[in-house]
Amino acid sequence: MNKLPGCSRILSFIFKLLLAAALSPGLAAQALADPDAAGHPVYIVVLKSAPGAVKQAERLGTLHAAGHIYRAVFPGFAAPLSPQAVQALANTPNVELIEAAREVYAIADSLPTGVDRIDAEQAHTSGATGAGATVAIVDTGIDLTHTDLVARMNTTLSNTFISKGKTTVNGEDDHGHGSHVAGIVAASANGTGVIGVAPGATLVSLKVLNKQGMGSSADIIAALDFITAHNNAAASYASMIHIANLSLGGSGSDTDSAYRRAFDATVASGCFVVVAAGNETDDAAKHVPAAYDSVFTISAMNPANDAFASFSNFGADVDMAGPGNSIYSTYLNNQYATFSGTSMASPHVAGAAALYVGQKLGSLTKATAAGAIRAALLGSGESIIMAGDNDGIHEPLVDAEAVLGLITAPDPALTVSMTTDKSSYTDQDTQAILTVSPRDENGDLVQGLAQSAFVVAVDGTVLVPVITETAGSYAIPLDISGLTLDTDSLVTVAVTDSRSLTDSASTSIRRATAVTVLVSNISYELIFKNLRVYLTVSDLSGNAVPGAEVVFTLNLDGAPFRSFIGTTDSNGQLSARVGGAKQGSYTTTINSVTRNGVLYDDTLNGADPGFVF
């Protein structure tokens with residue numbers, strides 16, 4: 001058996017807050033000493049959410065030599081503080097909460113893989129690998145160059161959040177726990193080593209635990225703040241960090257704290273957070289983050305005999321079970337190792353969530369993702385009664401194949417839509433361009449259709465135009481020169497795909513007699529040295545023509561002086577201004593007047609009176 005460093009410790013947060021009654025009622029804690037801060041313990045300070053709160057957090061954080069400044073989960077900072085500084089901050093009106101940073105440990109015991117037990121390989125056979133899903137491993141880091149992990153890494157987002165005494169950067173593992181967890185989630189299917197539950201998923205390493213497997217809640221909040229900020233700034237759900245796995249924890253309860261607020265904010269940002277229940281053979285309600293309602297808490301079972309793991313925490317706060325005994329996975333220095341713990345159970349569920357996200361990436365949103373993933377996992381979990389699970393609550397076992405079964409495969413279908421290049425046509429138009437977009441049951445454009453797949457008809461007469469394709473959109477030039485003027489003609493395009501599925505789309509095209517328009521009036525006005533030119537566009541009946549684009553040139557002494565382009569208002573008028581006009585003789589040349597449904601006849605324009613200045 002191998003043993004991870006620090007795994008024999010009881011996994012708990014030990015926190016006792018100085019001035020508890022004044023600063024954070026109801027929390028009894030002992031501050032975690034920071035040996036690098038002149039003996040002062042590290043505290044997490046939460047400011048009240050208000051305009052300018054982040055700026056204030058930055059100023060206060062700088063003043064107190066903060067290891068972290070929080071901007072996304074809440075405005076605040078973590079810094080080593082003397083009792084006097086704690087008291088002063090507690091008396092600051094904008095400070096809402098102060099709590100001691102908690103001591104954190106990786107959750108694992110010494111002691112191959114549960115991929116087979118949860119039927120993940122069946123999901124792989126169906127083509128599901130979690131491709132497109134991004135999973136953050138918030139842990140001791142990841143071996144970034146491991147043969148089974150290197151292709152899965154997003155090293156741009158990976159980072160180290162240990163504020164004091166860090167020995168690696170960029171999320172590099174120096175302990176082994178995080179690398180083992182990462183391999184369970186997403187070790188590559190490359191023919192060597194092991195394969196993860198979601199071998200196509202992307203991994204982000206957020207290192208918060210040191211080479212002893214220990215850390216501070218201040219550093220974990222910094223990692224959660226990073227995820228939340230990234231997701232809040234993401235242009236789409238596809239570019240977010242979709243899942244975070246935290247195989248760590250310690251003693252505590254589900255009460256208001258900076259730590260719980262950080263998890264809640266991360267889930268609200270669209271990240272599904274999976275956490276280990278803990279290895280104390282205890283009620284998970286006594287351990288955090290396992291006790292928090294917003295996270296998805298995982299107990300451990302033995303995949304060899306379906307018994308509840310003797311070390312696993314239990315209780316109503318546990319949402320699901322995963323394989324946690326004798327799990328073989330990746331380890332430091334391109335090695336592999338076997339370990340047991342709820343730390344190993346949690347990433348099996350995170351991997352199953354990644355498979356689901358990869359399948360549903362196009363339909364999930366920031367607002368719906370966390371709820372949808374939770375419902376899919378719980379709705380597809382295998383119902384078993386595990387020997388040794390004595391709390392009377394039989395949480396389901398994650399089933400990586402069944403979770404994909406919740407996605408009902410849509411019936412084969414073909415849907416055709418069609419648009420035209422203009423909203424209206426006149427007797428001056430001889431061609432209309434139709435754009436036909438056939439889509440399959442998944443909403444994807446159908447590419448590669450032959451000319452024979454299309455039947456184009458105008459008022460029931462079949463035509464054979466030349467069709468060109470651009471990435472699944474098909475352009476059809478249609479000769480409309482012979483259409484009856486001022487009459488609607490029905491254009492129908494039917495499409496048959498390679499599966500012999502057929503659909504059609506129709507639209508009406510009217511080739512209307514163009515309305516003849518002219519520039520009926522040109523006038524000038526000099527205001528101080530500013531010359532204004534006014535134009536009016538109307539039809540033959542004198543009605544104003546709004547929305548017409550007019551291109552014209554102002555001439556000075558017979559030579560072009562300034563060019564203008566404008567659109568007529570509701571009165572058919574537009575104007576142009578020349579500041580600091582030069583002396584001379586001004587005239588106007590109308591270059592064009594355009595608008596759908598009109599025909600400009602320059603021979604009918606009103607006289608240009610010109611202007612001499």
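The values are calculated or read from the model by the stated rules, or taken from the named source; none is laboratory data. Quick caveat: nothing in here was measured; it's all calculated off a predicted structure. Positions of Cβ are backbone-derived with ideal geometry, glycine not excepted, and every protein chain shown enters the neighbour counts. Each accessible area value is taken on the protein alone, full model and side chains, heavy atoms only, with ligands, DNA and RNA left out. Shrake-Rupley method; radii C 1.70, N 1.55, O 1.52, S 1.80 Å.
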| With respect to the numbered conditions (1) over 25 Å from Gly67 (Cα atoms); (2) under 28 Å from the mean Cα position of the chain (by Cα); (3) surrounded by fewer than 24 Cβ atoms within 10 Å (Cβ to Cβ), which one is the sole condition not fulfilled by Thr147? | (2)
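Go through the range 329-380 and report how many residues are among the hydrophobic types (A, V, I, L, M, F, W, C) and over 25 Å from Thr125 (Cβ atoms).
Total satisfying the criteria: 6.
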| message | Could you go through the range 237-245 and let me know if any residue there is outside any helix (DSSP H, G or I) and at pLDDT below 95. | response | no
| Tell me, which strands (runs of 3 or more DSSP E) lie completely within the range 253-348 with 1 or more residues that are open to solvent by 20 Å² or more (accessible area, probe 1.4 Å) and more than 23 Å from Gly141 (Cβ to Cβ)? | 296-302
| Members of the range 349-372 that are more than 19 Å from Asp143 (Cβ to Cβ), surrounded by 20 or more Cβ atoms within 10 Å (Cβ to Cβ) and not polar (S, T, N, Q) | Val349, Ala352, Ala353, Ala354, Leu355, Tyr356, Val357, Gly358, Lys360, Leu364, Ala369, Ala370
| said: I'd like to verify a number: residues in the range 524-543 that are polar (S, T, N, Q), assigned to a strand (DSSP E or B) and open to solvent by 40 Å² or more (accessible area, probe 1.4 Å), how many? | reply: 1
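In the range 544-573, what residues are part of a loop (DSSP other than H, G, I, E, B) and closer than 13 Å to Thr594 by Cα?
Val545, Pro546, Gly547, Ala548, Thr568, Gly572, listed by residue number.
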| Which one of the conditions (1) among the polar types (S, T, N, Q); (2) under 30 Å from His230 (Cβ atoms); (3) open to solvent by 70 Å² or more (accessible area, probe 1.4 Å) does Ser383 fail to meet, given that it meets all the rest? | (2)
